[in-house]
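The values are calculated or read from the model by the stated rules, or taken from the named source; none is laboratory data. Quick caveat, the model's predicted, so the values are computed rather than measured. Positions of Cβ are backbone-derived with ideal geometry, glycine not excepted, and every protein chain shown enters the neighbour counts.
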Amino acid sequence: MKRTLTLSLLAISSLYSADVTLESIDVQSTTITEVAQNAQTSADVATALSTSVPSIDMSRRSGIANDIFIRGQKRDNIAVEVDGTKVCGACPNRMDPPVSHVLANQIETIEVTEGPYDVTTYGNLSGGVKIKTKKPTKDFKAQLNLGFGAWNYKKFGATASGGNDIVRLLVTASMESSDQYHDGNGNTLAQQLDKYIANGHSGAAGNAYQPKYHDMQAYKKKSINAKAFITTAKNQELRLSVTANRSDNIMYPNTGMDAILDDSNIYSISYDIKNISEIYKNVNLQYYYSDVDHPMSTEYRKKAAMNPMMNKTNHMWTTMQGLKLKNSFELNTYKLLVGLDGSRRTWKGEYTNNVSGAVLGKSIDHALTKNRALFAELEKAYGALSMKAGVRYDHSKVQDDNANHQSNSYNSLGANIFTSYALSNENRLFLGVGTASRVPDGRELYFQKSGLKGTPNLKQTTNREIDAGFESDNDYFKLKLKVFYSDLKDYIYINANKTTNIFENIDAKIYGGEVSGSYYVNDDITLDMGASYKRGKKDHALAGQTNTNLADIAPLRGNVALNYEYANNSLATLEVQASKRWSDIDSDNGEQELAGWAVMNAKIKHAVNKKFDFTLGVNNMFNITYARSNTYVDLTLVTTGGDNMLLNEPGRYVYTNLDFKF
């Protein structure tokens, strides 16, 4: 095994997750490579990210389609792009977060930016994720992947690519399904809800699953991605892409509704011209469009059978379309990127009765968010010192079809500078300072449920941040240390004491640090580790409250993995993931203390030959019962007596994966 090999900082296999390998990274971001090749236990991107990047935590929503936090930030505070396409979910309750609309077996690389250091993407307040899917090849290549695991988990994936000098084509297809996972106590998803109700929360009994649905399948998901790259002239290429996702009957036991379906389509057309002149290096024009259809319903729950008026659906739709122009120049020793960015998002929803079909009212009355932006980025190296600076100006407007709701216009100027200084060929220091803003979305402004929950006069949120760190990469080890301080002005937050206009602008701070690295014991053995600590505080407690802790700020968490390459491309991994007790919580707004935990995972990936390898693994080896996601009221969860229902992580999970290459 080469000394330069860097395996995943948090090891390879995570409970119900897609496995990934972490290559050399830029100090400004983390790039995960070979995602599809290592997607061996699930197509869920959130679990792959949360086990590979120390700054990322996962919000457990179900057996699939989970959400991510970057340094405690989620929703619109972080931006998600797929091949340059800004992706949004339709569900106000995060049943279909942006990362769920692309599957791990379709992905080539994922770039994670921590902090406000990406001016090319709309809404990149505190971090972002840029997903790049597989590209079509000229030579014919094909891959078949079969996966099987506990709880009747089944996965089928296939990719084929080929073409000639003019046209290159690629098709990737995937299907996966699973019964309900069991937690460490042996409880299924439905039984976790039963246990919550039995333990002093009888007021939530109507949320229990009806007997005929109690043992239903947890989810079924299908996806297909097709691409065509067409060479139209020398150094010119037309790129066409479409991704279709279809999910059915996804259980969300600690939420009062389940997803009947979650269908999305993502379309992209781009034209790329390279080497226009000695100075003008590249121009790229891209148009994208996506739509999501997401009905969530109470029909599987007892309350729907007991009272027809409670048998209802909140049907949500969203669309996102955009146009982006990028121009790249090389002016002597300077690299310059200049661009234009525009997007238009619609978001609507309505409540209907499943028995009568009557429309009960709007949840979001066709909210429209329009954005126009200019951006520029400049890079320059001065010997051992390299610098990258960016600036972005945004003008946004958000409005709603309800004549009683005010429309809002926002203007913002974001900027950043990131520097790196090489102390030697192996060691460097880095420092970044930046600011960025994001506007409130349709839910925060206009969401309706038994009154107006949204707050139409919200201000935009601004993040002012500083990052600093040290990185070393040599023949014996790789180490990266990073600290950050984030000052959030007009941060959008929920006040649980309110019944209407529940969102408020507050000022807050988040600070912390991350460490990641690998120690090369010898040519065959590598010790990997990663850890993250963060702390979040409100400047002042909300009206009627006393708690100043910021929600969604997970405690100290880390991972250590021992990797043994016992043959060419064959690897054995033993890993421990651990978390400190989550005691710094916002109890005024639904959070609760969570016990610390540690779980052990093991895996063997054996390459039989160049065309075939198989994997055998077990996650949560000792069947520990634990929860990693807290219960901030930003999610609408099953609750009685002020206690929101926690959702435990899966227990012991044994799986195997077969990978064939042609």
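If I filter the range 603-623 for residues that are surrounded by fewer than 18 Cβ atoms within 10 Å (Cβ to Cβ) and in contact (Cβ under 8 Å) with a residue 60 or more places away in the chain, do I get at least one hit?
yes
Quick check, is Asn404 polar (S, T, N, Q), assigned to a loop (DSSP other than H, G, I, E, B) and exposed (fewer than 15 other Cβ atoms within 10 Å of the Cβ)?
On the way: polar (S, T, N, Q): yes; assigned to a loop (DSSP other than H, G, I, E, B): yes; exposed (fewer than 15 other Cβ atoms within 10 Å of the Cβ): yes.
Judged against the criteria, Asn404 is a match.
Kindly indicate whether any position in the range 92-100 is of a type in the set (Asp, Glu) and without any contact (Cβ under 8 Å) to a residue 60 or more places away in the chain. Don't jump to the end; show me each part of the working.
In the first step, residues of the range 92-100 are kept if they are of a type in the set (Asp, Glu); the result is 96.
Still in the running and without any contact (Cβ under 8 Å) to a residue 60 or more places away in the chain: none.
No, there is no match, as no residue in the range 92-100 is of a type in the set (Asp, Glu) and without any contact (Cβ under 8 Å) to a residue 60 or more places away in the chain.
Which residues, taken from the range 45-72, are without any contact (Cβ under 8 Å) to a residue 40 or more places away in the chain and not β-branched (Val, Ile, Thr)?
Residues satisfying the conditions are Ser50, Asn66, Asp67.
Does any residue of the range 437-444 turn out to be outside any loop (DSSP other than H, G, I, E, B), of a type in the set (D, E, K, R), touching a residue at least 12 places away in the same chain (Cβ under 8 Å) and within 19 Å of Ala543 (Cβ to Cβ)? Full working, then the answer.
Just the residues of the range 437-444 that are outside any loop (DSSP other than H, G, I, E, B), to begin with: 437-438, 442-444.
Among the residues that remain, those that are also of a type in the set (D, E, K, R) are: 438, 443-444.
Among the residues that remain, those that are also touching a residue at least 12 places away in the same chain (Cβ under 8 Å) are: 438, 443-444.
Okay, now just the ones that are also within 19 Å of Ala543 (Cβ to Cβ), so 444.
Within the range 437-444, one or more residues are outside any loop (DSSP other than H, G, I, E, B), of a type in the set (D, E, K, R), touching a residue at least 12 places away in the same chain (Cβ under 8 Å) and within 19 Å of Ala543 (Cβ to Cβ).
Is the range 392-401 home to any residue that is assigned to a loop (DSSP other than H, G, I, E, B), over 30 Å from Asn425 (Cα atoms) and of a type outside the set (A, V, I, L, M)?
yes
Report, by residue number, each residue of the range 393-408 that is closer than 21 Å to Thr121 by Cβ and polar (S, T, N, Q).
Ser396 - this is the single residue of the range 393-408 that is closer than 21 Å to Thr121 by Cβ and polar (S, T, N, Q).
Could you tell me which of the residues Asn427, Asn463, Asn411 is over 30 Å from Val283 (Cα atoms), at pLDDT 95 or above and surrounded by fewer than 17 Cβ atoms within 10 Å (Cβ to Cβ)? Walk me through it before giving the result.
Values: Asn463 fails: surrounded by fewer than 17 Cβ atoms within 10 Å (Cβ to Cβ); Asn411 fails: over 30 Å from Val283 (Cα atoms).
Going through Asn427, Asn463, Asn411 in turn, the sole match is Asn427.
I'd like the full set of residues that are touching a strand residue (DSSP E or B) at 6+ places or on another chain (Cβ under 8 Å), within 26 Å of Asp76 (Cα to Cα) and surrounded by fewer than 20 Cβ atoms within 10 Å (Cβ to Cβ), limited to the range 469-497.
Val483, Tyr485, Asp487, Lys489, Asp490, Asn495
Looking at the range 483-508 only, could you name the residues that are over 17 Å from Thr546 (Cα atoms) and not hydrophobic (A, V, I, L, M, F, W, C)?
Passing the criteria: Tyr485, Ser486, Asp487, Lys489, Asp490, Tyr491, Thr499, Thr500, Asn501.
Suppose we filter the range 92-106 for residues that are surrounded by 24 or more Cβ atoms within 10 Å (Cβ to Cβ) and either among the hydroxyl-bearing types (Ser, Thr, Tyr) or more than 18 Å from Met320 (Cα to Cα) (or both); how many remain?
Final tally of qualifying residues: 5.
I need every pair where a residue in the range 244-256 that is touching a residue at least 40 places away in the same chain (Cβ under 8 Å) and closer than 19 Å to Ser290 by Cα has its Cβ under 9 Å from the Cβ of a residue that is assigned to a loop (DSSP other than H, G, I, E, B) and of a type in the set (A, V, I, L, M, F, W, C), sequence separation at least 6 or different chains.
Asn245/Val102; Asn245/Leu103; Ser247/Ile64; Ser247/Ala65
Could we say that Asn568 is farther than 19 Å from Tyr533 by Cα, crowded, with 21+ Cβ neighbours inside 10 Å and out of contact with any Asp or Glu (no Cβ under 7 Å at 6 or more places or on another chain) here?
no
When you go through Val102, Val112 one by one, which is the residue that is over 28 Å from Ala508 (Cβ atoms), of a type in the set (A, V, I, L, M, F, W, C) and within 11 Å of the chain's Cα centre (by Cα)?
From the options Val102, Val112, the qualifying one is Val102.
When the residues of the range 293-338 are narrowed to those that are without any contact (Cβ under 8 Å) to a residue 40 or more places away in the chain and under 22 Å from Ile364 (Cβ atoms), which ends up surrounded by the most Cβ atoms within 10 Å (Cβ to Cβ)?
Taking the candidates together, the pick is Pro295.
Looking only at the range 525-550, how many residues end up being in a loop (DSSP other than H, G, I, E, B) and at pLDDT 95 or above?
9
Quick one: which strands (runs of 3 or more DSSP E) sit completely within the range 127-243 and have at least 1 residues that are more than 26 Å from the chain's Cα centre (by Cα) and over 29 Å from Ile70 (Cα atoms)? So that I can check it myself, show each step before the final result.
Working: elements: 127-133, 141-149, 153-163, 167-178, 219-233.
Answer list for the range 127-243: 141-149, 153-163, 167-178, 219-233.
Could you list, in sequence order, the residues of the range 32-86 that are modelled with pLDDT of 90 or more, in a loop (DSSP other than H, G, I, E, B), among the small types (Gly, Ala, Ser) and under 24 Å from Lys482 (Cβ atoms)?
Across the range 32-86, the qualifying residues are Ser55, Gly72.
What number of residues within the range 551-599 are assigned to a loop (DSSP other than H, G, I, E, B) and of a type in the set (Val, Ile, Thr)?
So the answer is 2.
Taking the options Leu488, Leu479, name whichever one is within 30 Å of Tyr446 (Cα to Cα) and in contact (Cβ under 8 Å) with a residue 24 or more places away in the chain.
Leu488
Which is crowded, with 19+ Cβ neighbours inside 10 Å and either over 30 Å from Asp524 (Cβ atoms) or of a type in the set (A, V, I, L, M, F, W, C) (or both), of Gly383, Gly451, Gly434? It would help to see each step written out before you state the result.
Values: Gly383 fails: crowded, with 19+ Cβ neighbours inside 10 Å; Gly451 fails: crowded, with 19+ Cβ neighbours inside 10 Å.
The match here is Gly434.
Test each condition in (1) of a type in the set (S, T, N, Q); (2) over 25 Å from the mean Cα position of the chain (by Cα); (3) over 30 Å from Val439 (Cβ atoms) for Thr500 and report the one that comes out false.
Only one criterion is unmet by Thr500, namely (3).
Kindly list, by first and then second residue, each pair from a residue in the range 643-654 that is among the basic types (Lys, Arg) to a residue that is outside any loop (DSSP other than H, G, I, E, B), limited to pairs with Cβ atoms under 8 Å and residues at least 6 apart or on different chains.
Arg652/Val618; Arg652/Asn619
Just to be sure I understand the filter: pairs with C-beta atoms under 9 Å, separated by 6 or more residues or on different chains, first member in the range 380-397 and over 17 Å from Ser328 (Cβ atoms), second member of a type in the set (Asp, Glu). Which pairs pass?
Sorted first by the residue in the range 380-397, then by its partner, the pairs are Ser386/Glu379; Met387/Glu379; Asp394/Asp341.
Looking at the range 97-117, which of its residues are in contact with a helix residue (DSSP H, G or I) (Cβ under 9 Å, 6 or more places away or on another chain) and part of a strand (DSSP E or B)?
Ile107, Glu108, Ile110, Val112
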